[in-house]
1. Per residue, how large is the accessible surface of the stretch 3-354? Use a 1.4 angstrom probe and give square angstrom.
2. Tell me which of VAL146, LEU113, GLN300 sits at the most positive position along the dipole axis of the stretch 3-354, charges placed on C-beta atoms (Lys, Arg +1; Asp, Glu -1).
3. Work out which GluC sites (Glu not before Pro) in the chain are exposed loop sites (DSSP not H, G, I, E or B, at most 11 other Cβ within 10 Å) and give the longest gap free of them.
4. Can you tell me the 0 to 90 degree angle between the C-alpha axis of helix 224-241 and the longest principal axis of the chain, rounded to 10?
5. Give me the net charge for the shell around GLY168: Cβ to Cβ below 12 angstrom, other residues only, Lys and Arg +1, Asp and Glu -1.
6. Considering only DSSP beta bridges whose two residues both sit in the chain, what percent are antiparallel, to the nearest 5?
7. Enter the angle in degrees (range 0 to 90, nearest 10) between the Cα long axis of helix 143-153 and the first principal axis of the Cα atoms of the chain, meaning the one along which they spread out most.
8. Tell me, what ³J(HN,Hα) does each residue in the stretch 216-223 have, in order and in whole Hz, if you take phi through Karplus 6.51 cos²θ - 1.76 cosθ + 1.60 with θ = phi - 60° and put x for Gly and Pro?
Amino acid sequence: MSDRRLELIREKVTAGERLSFDDGLALEASTDLFALGEMATMVRRRKNGDLAYYNVNTHINPTNVCVYKCDFCAFRADLNDERAYVMSDDEIRRRATEAAGRGATELHIVGGLHHKLPFSWYVDVVRWVKQAAPQIHVKAWTAVEVEWFCKISKKPTREVLQDLIEAGLGSIPGGGAEIFHPEVREEICGAKASTETWLNVHRTAHQLGLHSNATMLYGHIDKPKHRIDHMIRLRELQDETGGFQTFIPLAFHPDNSRMSEIPKPSGVMDLKTMAISRLMLDNFPHIKAYWVMLGLKTAQVALAFGADDLDGTVVHEKIYHEAGAETPQEMSVADIQRLILEAGYQPVERDTLYHRVERSGSDWSVHERITTGSLPVLAS
Ligand code: V47
């Protein structure tokens, strides 16, 4: 890309103007990593000052049995597979109690779409964890799962979400988005929820007062135009609802998947994708560097490329570890804080909805909301 083109983009970013699809492609074509990082940092500082967030959370993946066979997934199992499992209600409750004992503020619950389990089981999972740990925020079930619930329950999206909210659902995680462009989606996960369905589940969730996140799985067969298209579709929905909190670019991990011949995305691609996400998604308050996928070192450096959130202490993560992630299962709060401080930012513990968390011994309490969103806060 010519210096002049990058200069024009820099002028737009400085003026707070929205970048176009072509600007996105120009950024993708640039190899001036420092310029991308500098522009992304300008936006990141404008939105989040010198704060960088983390949370204390636990993942529960209640089953790995899945009707779909997405090419990138190393986690799923067939019904009769020897790796197949379904956690019992006791196990699920125990996980929630354990998480509460460790001071977690969030349970992140996602899994497979089991051939035989009814919708009521997925509602019960939310109910069980809320009974075991009422103070914990439950971020559960991706839009792909919600669509599956509609199929098996024969209920519309709104009703499915209302049932889950009634059981204690607090927000929706960003998984299942993969790449929206049909050239890629049909190739890697053509059977599961379509782009329109994914977006519509989030639209409906936002209308019901739930916040949600969005992801993008990159570094496989995707091209620059697919990634920019993905971001623009999210930006358009965010203009409409304001319900997204955080965008999480997910680096593809090929091991044990049906795309195992594809090399992992490079460090340059990870950092460029982070910076471009920050620049294109001008209406998303947060960009997350998910350390479990990126590795600790890249996640820390990503704080200089537009990221303002490192996600959590994360215990019991299975989806990426099955796909070859070599990161530990857990990071201590002291480690996360050190990574953030070393990168020149102020660590802030947040809850799922970006309230500041304060701790005293094993007790915690939430304080003011750190960032604004246009959604009404649900009555608890
Ligand atoms: O949708 C699956 C991805 C996602 C692989 O909302 C893989 O805060 C890389 O969405 N290599 C689920 N990625 C996880 C997810 C998530 C993670 C952290 C935080 C949040 C949030 C959401 O994991 C799937 C898919 O895109 N995935 N397999 C793989 N082999």
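The values are calculated or read from the model by the stated rules, or taken from the named source; none is laboratory data. Note that this is a predicted model, so its numbers are computed, not measured. Every residue, glycine as well, gets a Cβ built from its backbone with ideal geometry; the counts of neighbours run over all protein chains shown. Just the protein is used for accessible areas: all its heavy atoms, side chains included, with ligands, DNA and RNA removed. Shrake-Rupley method; radii C 1.70, N 1.55, O 1.52, S 1.80 Å.
1. On the way: 12790 Å² over 352 residues.
So the stretch 3-354 comes to 36 Å² accessible per residue, rounded to a whole number.
2. Farthest along the dipole direction, towards plus: VAL146.
3. Numbers: sites that count: GLU82, GLU261, GLU326.
For GluC sites (Glu not before Pro) (loop position, at most 11 other Cβ atoms within 10 Å), the longest site-free span of the chain is 83-260.
4. Roughly 70 degrees between the two axes.
5. Values: positive: ARG127, LYS130, LYS139; negative: ASP124, ASP163, GLU166.
So the surrounding residues net to 0.
6. Working: 7 of 35 bridges.
Taking every DSSP beta bridge within the chain, about 20 percent pair in antiparallel fashion.
7. Its long axis makes an angle of about 30 degrees.
8. Result, ordered by residue: 8, 8, 10, x, 10, 9, 6, 10 Hz.
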